[in-house]
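**Student:** Starting off with a structure, shown below.
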Amino acid sequence: MTTVLAIETSCDETAAAVLTDGRRLRANVVASQAEMHQKYGGVFPEMASRQHILSIAPVIREAMGEAEVDWGDLDALAVVYGPGLAGSLLVGVNAAKALSMAHGIPLVGVNHLEAHVYANWLTPPGVDDADFVAPAFPAVCLVVSGGHTSLILVRDHHDYTLLGHTLDDAAGEAFDKVARLLGLGYPGGPIIQRMAEEGDPTAFDLPRALDVGEYDFSFSGLKTAVLRVVQDLRREQGVEVEERGQRLADATPEAEEDLPIPDLAASFQAAVVDALVTKTAAAAERYGAVQVLIAGGVAANGALRQEMSRRVEVAVRYPPIAFCTDNAAMVAMAGYHCFLSGLRSGLDLDVVPNLRLV
Ligand code: KG4
Ligand code: ZN
């Protein structure tokens, strides 16, 4: 029996999970700080690390209690060491190192992006572990989170080839910035998805940037196009628009009750989804993928899941929503596979805020 305790503190979630034999998820605790950061319209790094310091011990204790394991039952301690916010990552890595040293448990450093990929190996809640069939290789995986957007060919465990990536903003970042522009709050993805349900995705013709590299993405033009539409609508309403507001960062995050928010949200979401699905479908065909995997926070998006399943020829898999956004269950799964392949980290494990998967 191999039991892994995993710790995740890369951004604004303090999380711990316990997984046995890469199958039985015995505990999955997530303490989210999203509410705390909401009033800043994004994650406030110093506050995030201070909150991790307060939450880390109780969260680990709760996970171990729920899993009914003691230190002697653990075979490995998996911890995310990057990518993410340096101050946040340090809290998890230092906790894991201290516990590894104190209890003599092997330490396994995990890449946060690889953990997102491995969320696809977790049995969805309500499904019997024995009935769950793990993803098959070769797969094309679309990693779409708040900080990353890439298309990866996965030939086998830990065998990744980068096919393409975003040349500017990550897909999740675009959701967050457009939500901010529309005065919808943070995090933007779930709110835009909800608003889009009431809107017409063809209401505004927005760019897809399909002409960048074959498997690359670009979302900054789309973001600016949404800003232009909003500015034009405001001008039509006789509102004076500051030219300085050409950049999204300058947009005032206040409620825009007189804007057609559902149509804007639906049109924006359709443009992002179209770009993501078009490139992923092409890559899956070109590389003979037997499955397409979606990973990362944006994998929670219903329109993306639906369109991908509709337009890709092979089976499309994505984790249940709770495993899409940051959690430690996915870290435990990635950590388990790293542990099996002999990977161990020393007590000199350091955080790597800009760590890449490939
Ligand atoms: O993976 P994640 O939790 O954190 C990072 O590693 O970055 O991803 C967070 C991102 C945010 O940008 C958030 O807006 C986006 O995932 N997101 C969504 C949805 N749920 C979360 N984007 C679109 N639709 C959703 N339902
Ligand atoms: Zn993440």
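**Student:** Please find, within region 89-127, the residue that is nearest to the chain's Cα centre (by Cα) out of those that are surrounded by fewer than 16 Cβ atoms within 10 Å (Cβ to Cβ) and part of a helix (DSSP H, G or I).
**Tutor:** Ranking the qualifying residues of region 89-127, first place goes to ALA98.
**Student:** Being assigned to a helix (DSSP H, G or I) and surrounded by fewer than 21 Cβ atoms within 10 Å (Cβ to Cβ), is that true of even one residue in region 133-150?
**Tutor:** no
**Student:** Here's a follow-up. Out of region 1-41, which residues are of a type outside the set (D, E, K, R), within 16 Å of ligand 2 (Cβ to nearest atom) and buried (at least 24 other Cβ atoms within 10 Å of the Cβ)?
**Tutor:** Matches in region 1-41: ALA6, ILE7, THR9, SER10, CYS11, THR14, ALA15, ALA16, ALA17.
**Student:** Does any residue of region 193-200 turn out to be hydrophobic (A, V, I, L, M, F, W, C) and more than 16 Å from ligand 2 (Cβ to nearest atom)?
**Tutor:** Within region 193-200, one or more residues are hydrophobic (A, V, I, L, M, F, W, C) and more than 16 Å from ligand 2 (Cβ to nearest atom).
**Student:** Scan the helices (runs of 4 or more DSSP H) fully inside region 269-358 and keep the ones with 3 or more residues being assigned by TED's automatic domain parsing to the domain that holds SER218, within 16 Å of ligand 1 (Cβ to nearest atom) and of a type in the set (A, V, I, L, M).
**Tutor:** The qualifying helices (runs of 4 or more DSSP H) are 302-311.
**Student:** Right, here's the next one. So MET36 clears everything in (1) within 16 Å of ligand 1 (Cβ to nearest atom); (2) assigned to a strand (DSSP E or B) except one condition, right? Which one?
**Tutor:** Of the numbered conditions (1) within 16 Å of ligand 1 (Cβ to nearest atom); (2) assigned to a strand (DSSP E or B), the odd one out for MET36 is (2).
**Student:** Which condition from (1) crowded, with 22+ Cβ neighbours inside 10 Å; (2) free of Cβ contacts under 8 Å to residues at least 12 places away in the same chain is the one that LEU153 breaks?
**Tutor:** Going through the list (1) crowded, with 22+ Cβ neighbours inside 10 Å; (2) free of Cβ contacts under 8 Å to residues at least 12 places away in the same chain, LEU153 breaks only (2).
**Student:** Can you pull out every residue in region 69-86 that is away from ligand 1 (no atom under 16 Å from the Cβ) and either part of a loop (DSSP other than H, G, I, E, B) or within 19 Å of ASP326 (Cβ to Cβ) (or both)?
**Tutor:** Within region 69-86, VAL69, ASP70, LEU74, ASP75, LEU77, ALA78 meet the criteria.
**Student:** Looking at region 293-312, which of its residues are away from ligand 2 (no atom under 16 Å from the Cβ) and in contact (Cβ under 8 Å) with a residue 24 or more places away in the chain?
**Tutor:** Residues satisfying the conditions are GLY302, ALA303, GLU307, MET308, ARG311, VAL312.
**Student:** Answer with yes or no whether ASP169 is part of a helix (DSSP H, G or I) and either touching a helix residue (DSSP H, G or I) at 6+ places or on another chain (Cβ under 6 Å) or farther than 22 Å from THR278 by Cα (or both).
**Tutor:** So ASP169 does not fit the description; no.
**Student:** Could you please tell me which pairs satisfy a Cβ distance under 7 Å, a separation of 6+ or placement on different chains, a first residue in region 323-340 that is among the aliphatic types (A, V, I, L, M), and a second residue that is within 15 Å of ligand 2 (Cβ to nearest atom) and part of a loop (DSSP other than H, G, I, E, B)?
**Tutor:** ALA329/LEU122; MET330/LEU122; MET333/LEU122
**Student:** So, one more: For ILE105, state whether it is among the β-branched types (Val, Ile, Thr), more than 21 Å from ALA86 (Cα to Cα), in the same structural domain as ASN28 (by TED's automatic domain parsing) and away from ligand 2 (no atom under 14 Å from the Cβ).
**Tutor:** For ILE105, the condition - among the β-branched types (Val, Ile, Thr), more than 21 Å from ALA86 (Cα to Cα), in the same structural domain as ASN28 (by TED's automatic domain parsing) and away from ligand 2 (no atom under 14 Å from the Cβ) - is met.
**Student:** Sticking with this structure for a sec: Which count do you get for residues in region 202-223 that are part of a loop (DSSP other than H, G, I, E, B) and either within 24 Å of the chain's Cα centre (by Cα) or buried (at least 19 other Cβ atoms within 10 Å of the Cβ) (or both)?
**Tutor:** Residues in region 202-223 being part of a loop (DSSP other than H, G, I, E, B) and either within 24 Å of the chain's Cα centre (by Cα) or buried (at least 19 other Cβ atoms within 10 Å of the Cβ) (or both): 13 in total.
**Student:** Among the residues of region 129-148, is there at least one that is at pLDDT 95 or above, farther than 19 Å from ARG305 by Cβ, in contact with a helix residue (DSSP H, G or I) (Cβ under 7 Å, 6 or more places away or on another chain) and within 13 Å of ligand 1 (Cβ to nearest atom)?
**Tutor:** no
The values are calculated or read from the model by the stated rules, or taken from the named source; none is laboratory data. Please read these numbers as outputs of a predicted model, since none were measured by experiment. So basically every Cβ, Gly included, is an ideal-geometry build from the backbone, and we count neighbours across all protein chains shown.
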